[in-house]
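*Asks:* Quick one: the structure is below, and I'll ask about it shortly.
The values are calculated or read from the model by the stated rules, or taken from the named source; none is laboratory data. Computed from a predicted model, the values in this text were never measured in an experiment. Cβ sites come from the backbone with ideal geometry, for glycine too, and all protein chains shown count toward neighbours.
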Amino acid sequence: MNNNAWIIAGGATAVILTVGLFARQFPTQSLPPAEETRAEQTRVTQPTGELSESAITALKTAIDDEYHALSTYQAVIEKFGTVRPFSMIIGAEEQHIASLKAIFDKYGIEIPANTWDGKAVAPATLQEACQIGVDAEIANADLYRSQLLPAVSEYPDITSVFENLMNASQDKHLPAFERCN
């Protein structure tokens with residue numbers, strides 16, 4: 001064998017040994033294929049339980065408010081560029097929406113469309129945008145505290161998500177917008 005062949009053979013051996021050691025060190029415990037498929041179908045298609053109409057309304061209101069915030073912050077970034085805190089908080093808003101979508105999926109409820117997409121208009125100045133952020137995060141935390149959390153008090157999983165979203169608004173987003181204002 002020439003030198004290149006030895007290098008390739010040595011590299012392949014190293015990869016095989018590494019994969020083998022990794023597999024031995026971190027074994028996977030997977031279900032047999034038929035059970036895995038059944039488990040996946042159960043997760044995707046079987047709702048966890050019934051929600052009250054007030055809980056469903058609260059979920060729809062929450063996701064609409066998060067869609068609105070996302071659209072507003074996207075409009076600000078489109079107008080002023082990738083500026084903080086908007087560029088950082090926009091990712092958080094996407095995470096908030098993902099958390100809410102998981103709850104919709106869990107209970108087998110159709111996820112509402114984002115009716116705010118492309119409808120928000122950025123204000124004339126970045127300072128005005130920061131003030132809009134302050135006002136929006138105060139309103140968001142108040143919405144969760146006064147309307148949404150009471151509507152889902154019988155559902156610990158939804159309550160936990162709503163509390164996390166409320167806390168993010170008042171403890172993280174609001175101070176960031178206050179600093180930029």
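*Asks:* For the list (1) under 17 Å from the mean Cα position of the chain (by Cα); (2) at pLDDT below 95, I need the number of the one condition that residue 132 fails.
*Replies:* (1)
*Asks:* Still on this structure, I have one more. Could you list, in sequence order, all residues of segment 127-144 that are surrounded by 15 or more Cβ atoms within 10 Å (Cβ to Cβ) and either in contact with a Cys (Cβ under 8 Å, 6 or more places away or on another chain) or under 22 Å from residue 59 (Cβ atoms) (or both)?
*Replies:* 130, 133, 136, 137, 138, 140, 141, 143, 144
*Asks:* State whether one or more residues within segment 64-84 are closer than 21 Å to residue 144 by Cα, out of contact with any strand residue (DSSP E or B) (no Cβ under 7 Å at 6 or more places or on another chain) and surrounded by fewer than 18 Cβ atoms within 10 Å (Cβ to Cβ).
*Replies:* Yes, the conditions are met somewhere in segment 64-84.
*Asks:* Look at residue 99 and say whether it is small (Gly, Ala, Ser), under 30 Å from residue 180 (Cα atoms) and at pLDDT below 95.
*Replies:* yes
*Asks:* From the list 119, 79, pick out the single residue that is closer than 27 Å to residue 178 by Cα, in contact (Cβ under 8 Å) with a residue 24 or more places away in the chain and not in a helix (DSSP H, G or I).
*Replies:* Testing whether each residue is closer than 27 Å to residue 178 by Cα, in contact (Cβ under 8 Å) with a residue 24 or more places away in the chain and not in a helix (DSSP H, G or I) leaves just 119.
*Asks:* Right, something else. Residues of segment 102-116 being part of a loop (DSSP other than H, G, I, E, B) and farther than 15 Å from residue 64 by Cα, which ones?
*Replies:* Result: 107, 108.
*Asks:* Continuing with this model, one more query. It is to be established whether one or more residues within segment 55-70 are outside any helix (DSSP H, G or I) and in contact with a Leu (Cβ under 8 Å, 6 or more places away or on another chain).
*Replies:* No, segment 55-70 contains no residue that is outside any helix (DSSP H, G or I) and in contact with a Leu (Cβ under 8 Å, 6 or more places away or on another chain).
*Asks:* Restricting to segment 112-129, name every residue that is among the hydrophobic types (A, V, I, L, M, F, W, C) and either within 12 Å of residue 77 (Cα to Cα) or modelled with pLDDT of 95 or more (or both).
*Replies:* Hits for segment 112-129 are 120, 121, 122, 126, 129.
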